[in-house]
Amino acid sequence: MEGRDIGTVVFPHAEVKIFLDAAPEVRGLRRFVQVDRVGQPGSPPARQPEEVIRELRARDERDRNRADSPLKPAPDAVLLDSTHLTLDETVLTAQAIVASALDRLHSQPCG
């Protein structure tokens, strides 16, 4: 499950938490390619990449400073910075984090 407060508010006792992040410039360009470039072939994008990046920065600022459920990693979350990773590399890294955490949990003595 993903979301901006999943590990801190929705599932604070989850056994594995990953805080996925990337530089705002990278996230903005990914968003631009994913959403704003989609449209009619040959038509200009709805927004320019710089605008998307500005909007992401503003949203992050609002979310980090809100009183209710601020955007922040849970204390026990693993930070996964995907700035320099492809989607496939990010998925493989997340899978490795989960597998490692589950191995640790299952190797602990019961009781």
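The values are calculated or read from the model by the stated rules, or taken from the named source; none is laboratory data. Remember, it's a predicted structure, so these values are computed and weren't measured experimentally. Here the Cβ is made from the backbone with ideal geometry for all residues, glycine too, and neighbour counts use every protein chain on show. Side chains are part of the model used for accessible areas, which takes the heavy atoms of the whole protein and leaves out ligands, DNA and RNA. Shrake-Rupley method; radii C 1.70, N 1.55, O 1.52, S 1.80 Å.
Structure above, values below:
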{"read-out": "Accessible area (Å², per residue) of the chain, counting only protein heavy atoms and a probe of 1.4 Å", "value": "74 Å²"}
{"read-out": "Extreme residue, positive dipole direction of the chain, given options GLY3, ALA14, ALA99 (C-beta unit charges)", "value": "GLY3"}
{"read-out": "Cβ-defined net charge surrounding SER82, 14 Å radius [Lys, Arg +1; Asp, Glu -1]", "value": "-3"}
{"read-out": "Å³ per residue enclosed by the Cα convex hull of the chain", "value": "127 Å³"}
{"read-out": "In Hz, Karplus ³J(HN,Hα) per residue of region 7-17 (6.51, -1.76, 1.60; θ = phi - 60°; x = Gly, Pro)", "value": "x, 9, 10, 6, 10, x, 9, 4, 6, 9, 10"}
{"read-out": "Built amide H within the under 5 Å cut-off of LEU80, gap 5+", "value": "PHE19, LEU20, ASP21"}
